[in-house]
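Chemist: Below: one structure in structure tokens.
The values are calculated or read from the model by the stated rules, or taken from the named source; none is laboratory data. What you see is a predicted model, and the numbers here were worked out from it, not measured in a lab. Glycine also receives a Cβ, built like all others from the backbone with ideal geometry; neighbour counts cover every protein chain displayed. To get the accessible areas, we keep the full protein, side chains included, count just its heavy atoms, and leave off ligands, DNA and RNA. Shrake-Rupley method; radii C 1.70, N 1.55, O 1.52, S 1.80 Å.
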Protein chains: 2
Amino acid sequence: MSQTVDRALSILPLLAEGPADLGQVADRLGVHKSTALRLLRTLHEHGLVYRQSDQRYRLGARLFALAQEAMENLDVREIAHPHLVRLNEQCGHTVHLAVYEENEVLYIDKVESRYPVRMYSRIGKPVAITVAAVAKLLLADLPEPERRALAEKLDYPMYTPRSTPNAEAFLKELAKVREQGWATDLGGHEESINCVAAPIRGADGRVVAAMSVSAPNVVVTADELLTLLPLVRRTADAISGEYSGRTPVHHPDKDTP
Amino acid sequence: MSQTVDRALSILPLLAEGPADLGQVADRLGVHKSTALRLLRTLHEHGLVYRQSDQRYRLGARLFALAQEAMENLDVREIAHPHLVRLNEQCGHTVHLAVYEENEVLYIDKVESRYPVRMYSRIGKPVAITVAAVAKLLLADLPEPERRALAEKLDYPMYTPRSTPNAEAFLKELAKVREQGWATDLGGHEESINCVAAPIRGADGRVVAAMSVSAPNVVVTADELLTLLPLVRRTADAISGEYSGRTPVHHPDKDTP
DNA sequence: ATGAGCGTTGCACTAAGCGCAACGCTCCTG
DNA sequence: CAGGAGCGTTGCGCTTAGTGCAACGCTCAT
């Protein structure tokens with residue numbers, strides 16, 4: 001809607017691919033160098049873009065700070081985290097937390113027992129929306145027209161033979177998920193990985209987030225993983241309770257409606 | 001430099017504080033509502049801003065994705081990471097990696113043995129620049145005029161009695177650090193925490209990053225921590241070597257100049 | 001030395017962003 | 001239930017603010 005801002009913001013994903021010099025930026029934006037320069041300077045002043053020693057531009061530091069602040073303000077995440085950790089301690093598998101936003105599902109937290117480091121490796125990246133168990137839960141709760149519109153707009157990549165093939169199958173799956181109140185992904189994204197997921201609901205009953213437990217076939221079979229469903233659902237419900245019946249800061253009361 | 005973009009970008013830190021509605025944004029920007037609306041819409045289209053169900057605006061998802069991509073492209077970090085992990089395994093303490101950018105020093109990686117989770121809790125946040133050991137190393141390497149200018153512009157909060165009190169003391173400390181090629185922070189940020197740090201240098205010898213080992217007094221005394229200095233320096237040098245003598249992707253040759 | 005390639009600057013032009021005022025909606029309130 | 005306050009939204013005329021051009025200056029390679 002606003003040309004100048006639009007152009008400026010288009011620079012960011014472009015730089016995310018890697019550093020670029022003024023000419024490259026100008027070319028890819030389709031504007032004159034002087035224009036690109038002014039845009040970059042403005043981004044620079046706000047710290048979103050950094051000029052490295054070889055004069056090329058990179059994404060800047062403030063971006064991290066912003067992303068982090070944004071994250072901290074996601075209160076579902078804050079509330080859920082200790083529960084996810086506890087669940088992880090109990091079952092030992094990878095635990096994910098995801099939300100729906102703007103036609104995308106993205107992980108906002110992850111606890112992985114085996115590899116304690118680099119846990120942000122996937123956080124923030126969009127999820128394979130047509131197959132992930134958490135995605136099914138989040139989409140299943142969308143209002144009918146929106147859900148249908150989205151389902152028809154999506155691509156259905158066949159990650160594996162068991163991936164959701166098309167919109168029709170997906171909508172059917174969503175209906176089932178909506179009905180039963182939980183979801184699975186049995187090898188639909190990666191051949192040997194299974195997940196069970198449960199929804200986290202706000203005070204109004206709408207699904208605000210979803211959590212899942214994932215494990216490779218070699219560790220537990222799909223059937224064994226399903227055994228964990230009650231535990232996963234209990235955890236999700238505990239988070240739901242805390243999230244919906246929340247007193248802003250202190251006062252950890254529980255069962256006040 | 002570019003008014004429109006400038007205004008649009010000013011919205012981001014504002015929203016980082018928490019969700020806000022159109023009126024609030026317009027007020028704090030000092031522009032008419034219609035103007036704010038157009039800016040927000042543009043930000044929205046680019047996914048930097050999200051509109052939650054109560055119509056208020058939040059920072060959006062793409063921000064995470066961008067920050068993450070930017071991070072992955074920071075090749076120092078990628079190269080350094082395994083070394084940091086190894087060092088952590090050897091000494092058991094918290095290991096940090098930091099870079100200087102635009103008058104700020106920020107952590108870009110962290111390995112913490114005791115608490116495997118939430119490791120991004122501080123990554124991306126600016127460092128206490130006047131006291132942190134890594135900050136000293138990074139600032140000590142700046143060209144003289146820039147270093148002086150920055151030192152005089154900084155605030156010198158007294159986190160503890162041993163914090164750097166003013167520009168003069170800081171510059172003196174930086175000179176010492178520059179001379180000896182390593183740095184410490186002995187209770188300058190938090191009373192009971194000590195750090196030793198060493199620089200990571202690029203092919204041209206300039207400091208591109210700094211790493212540190214931190215531990216609380218209760219675990220090891222400052223003197224004991226200093227014992228680790230050779231190990232820290234060796235790790236830093238190993239990273240420097242790999243970083244400067246790099247063949248772009250594969251070919252892990254080492255000593256070709 | 002010479003020139004190619006890059007970032008940078010000042011300027012005239014006009015498109016693009018601006019604020020205004022009016023509209024429509026939802027949600028309180030009397 | 002009618003009235004009104006408070007919010008987001010829209011269309012429009014005014015003019016500011018962003019644009020592209022062309023010329024400059026710098027750094028490197030030849």
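Chemist: Take A:Ile11 and tell me if it is away from DNA strand D (no atom under 16 Å from the Cβ) and β-branched (Val, Ile, Thr).
Modeler: no
Chemist: Would you be able to say whether some residue in the stretch A:95-103 is closer than 27 Å to A:Ile200 by Cα, within 16 Å of DNA strand D (Cβ to nearest atom), in the same structural domain as A:Ala236 (by TED's automatic domain parsing) and open to solvent by 10 Å² or more (accessible area, probe 1.4 Å)?
Modeler: yes
Chemist: To continue, here is another question. In the stretch B:4-18, which residues are part of a helix (DSSP H, G or I) and either of a type in the set (Asp, Glu) or open to solvent by 10 Å² or more (accessible area, probe 1.4 Å) (or both)?
Modeler: Once the filter is applied, which keeps residues that are part of a helix (DSSP H, G or I) and either of a type in the set (Asp, Glu) or open to solvent by 10 Å² or more (accessible area, probe 1.4 Å) (or both), the stretch B:4-18 yields B:Thr4, B:Asp6, B:Arg7, B:Ser10, B:Pro13, B:Leu14.
Chemist: Give the number of residues within the stretch A:215-236 that are out of contact with any Leu (no Cβ under 8 Å at 6 or more places or on another chain), at pLDDT 90 or above and not polar (S, T, N, Q).
Modeler: So the answer is 10.
Chemist: Name the residues in the stretch A:145-168 that are surrounded by fewer than 16 Cβ atoms within 10 Å (Cβ to Cβ) and either in contact with a Cys (Cβ under 7 Å, 6 or more places away or on another chain) or touching a residue at least 40 places away in the same chain (Cβ under 8 Å) (or both), would you?
Modeler: Selection gives A:Lys153 alone.
Chemist: Can we say B:Val5 is near DNA strand D (Cβ under 8 Å from one of its atoms), within 16 Å of A:Leu48 (Cβ to Cβ) and either β-branched (Val, Ile, Thr) or assigned by TED's automatic domain parsing to the domain that holds B:Lys125 (or both)?
Modeler: yes
Chemist: If I go through the stretch B:16-31 residue by residue, how many of them are away from chain A (no Cβ under 14 Å) and over 10 Å from B:Tyr57 (Cβ atoms)?
Modeler: 5
Chemist: What are the residues in the stretch A:71-97 that are touching a Ser or Thr at 6+ places or on another chain (Cβ under 8 Å), outside any helix (DSSP H, G or I) and within 11 Å of chain B (Cβ to nearest Cβ), if any?
Modeler: Selection gives A:Val95 alone.
Chemist: Oh, and also: Where residues in the stretch B:43-70 are surrounded by fewer than 23 Cβ atoms within 10 Å (Cβ to Cβ) and within 15 Å of DNA strand C (Cβ to nearest atom), which of them is farthest from the other protein chains (Cβ to nearest Cβ)?
Modeler: So the residue we want is B:Gln55.
Chemist: Another one. Can you name the number of the only condition in (1) within 14 Å of DNA strand C (Cβ to nearest atom); (2) outside any helix (DSSP H, G or I) that A:Ser34 fails?
Modeler: (2)
Chemist: So, one more: List every residue pair whose Cβ atoms sit under 6 Å apart, with the two residues 6 or more apart in sequence or on different chains, where the first one lies in the stretch A:37-55 and is within 11 Å of B:Ala8 (Cβ to Cβ) and the second, anywhere, is of a type in the set (Val, Ile, Thr) and more than 10 Å from DNA strand C (Cβ to nearest atom).
Modeler: A:Leu43/A:Val49
Chemist: Assuming B:Val213 fulfils every condition listed in (1) outside any loop (DSSP other than H, G, I, E, B); (2) open to solvent by 20 Å² or more (accessible area, probe 1.4 Å) apart from one, which condition is it?
Modeler: Every listed condition holds for B:Val213 apart from (2).
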